[in-house]
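Engineer: Got a structure for you, questions after.
Coordinate-derived values only; no laboratory data. These numbers were taken from a predicted model, which means no experiment stands behind them. Backbone-built Cβ (ideal geometry, glycine too); neighbour counts: all protein chains shown.
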């Protein structure tokens, strides 16, 4: 018997369950401030990045910090806590032969040094946050800051078409 908040669809030979609610299976909610900050980044172009975290009581995803439009990618990396877990959205700008481009990136940064419980909460809450933030171009998962170096992200985002 299916629960009413699930939809079922077939993809090849696998049955895929899609959660219809904007709440993770862990019960972690996405705070309204997350959507508001995202709209400031995407629609108003007032922010360069947003760093999100799961609250200390594990009840909701909240905004931890933001960077205004003058912030750089290095500023964003500095805002990430070195040995912890965070989500982030970055308005990533780059140049190609065809002109200036930007992509909105969703980053799941979960280091190996976090507790098993925290790792599981972040992993299972990620999709709820992504559902609340529509229009994300690319997702990047990282376990250490080295995986988020500018040149690596640039190559992934631009598919090798960026010019430096």
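Engineer: Could you grab me the full set of residues in the range 45-66 that are under 15 Å from residue 109 (Cα atoms) and either surrounded by 19 or more Cβ atoms within 10 Å (Cβ to Cβ) or in contact with a helix residue (DSSP H, G or I) (Cβ under 6 Å, 6 or more places away or on another chain) (or both)?
Structural biologist: Hits for the range 45-66 are 49, 50, 51, 52, 54, 61, 63, 65.
Engineer: Inside the range 82-118, can you point out the residues that are farther than 24 Å from residue 37 by Cα and under 16 Å from the mean Cα position of the chain (by Cα)?
Structural biologist: 111
Residues are listed down the side, and each one gets a yes or a no for (1) surrounded by fewer than 18 Cβ atoms within 10 Å (Cβ to Cβ); (2) more than 17 Å from residue 81 (Cβ to Cβ):
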{"residue": "103", "(1), (2)": "yes, yes"}
{"residue": "133", "(1), (2)": "no, yes"}
{"residue": "142", "(1), (2)": "no, no"}
{"residue": "151", "(1), (2)": "yes, yes"}
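Engineer: With the requirement that a residue be without any contact (Cβ under 8 Å) to a residue 40 or more places away in the chain, under 24 Å from residue 69 (Cα atoms), touching a strand residue (DSSP E or B) at 6+ places or on another chain (Cβ under 8 Å) and in a loop (DSSP other than H, G, I, E, B), what does the range 93-140 give you?
Structural biologist: Scanning the range 93-140 gives a single hit, 137.
Engineer: Right, next: Taking the range 30-48 as the region of interest, how many residues are touching a residue at least 24 places away in the same chain (Cβ under 8 Å) and closer than 19 Å to residue 125 by Cβ?
Structural biologist: 7
Engineer: Separate question: Quick one: in the range 148-163, which of the residues that are in contact with a strand residue (DSSP E or B) (Cβ under 8 Å, 6 or more places away or on another chain) and part of a helix (DSSP H, G or I) is farthest from residue 35 (Cα to Cα)?
Structural biologist: Among those that are in contact with a strand residue (DSSP E or B) (Cβ under 8 Å, 6 or more places away or on another chain) and part of a helix (DSSP H, G or I), it is 155.
Engineer: Are any of the residues in the range 54-64 more than 17 Å from the chain's Cα centre (by Cα), in contact (Cβ under 8 Å) with a residue 40 or more places away in the chain and not in a loop (DSSP other than H, G, I, E, B)?
Structural biologist: no
Engineer: Right, another one. Conditions: (1) outside any loop (DSSP other than H, G, I, E, B); (2) closer than 18 Å to residue 46 by Cβ. Residue 70 meets all but one. Number of the miss?
Structural biologist: Here residue 70 meets the rest and fails (1).
Engineer: For residue 85, indicate whether it is in contact with a helix residue (DSSP H, G or I) (Cβ under 6 Å, 6 or more places away or on another chain), over 24 Å from residue 156 (Cβ atoms) and without any contact (Cβ under 8 Å) to a residue 60 or more places away in the chain.
Structural biologist: no
Engineer: Take residue 69 and tell me if it is out of contact with any helix residue (DSSP H, G or I) (no Cβ under 7 Å at 6 or more places or on another chain) and closer than 17 Å to residue 155 by Cα.
Structural biologist: Considered against the rule, which asks whether it is out of contact with any helix residue (DSSP H, G or I) (no Cβ under 7 Å at 6 or more places or on another chain) and closer than 17 Å to residue 155 by Cα, residue 69 comes out as no.
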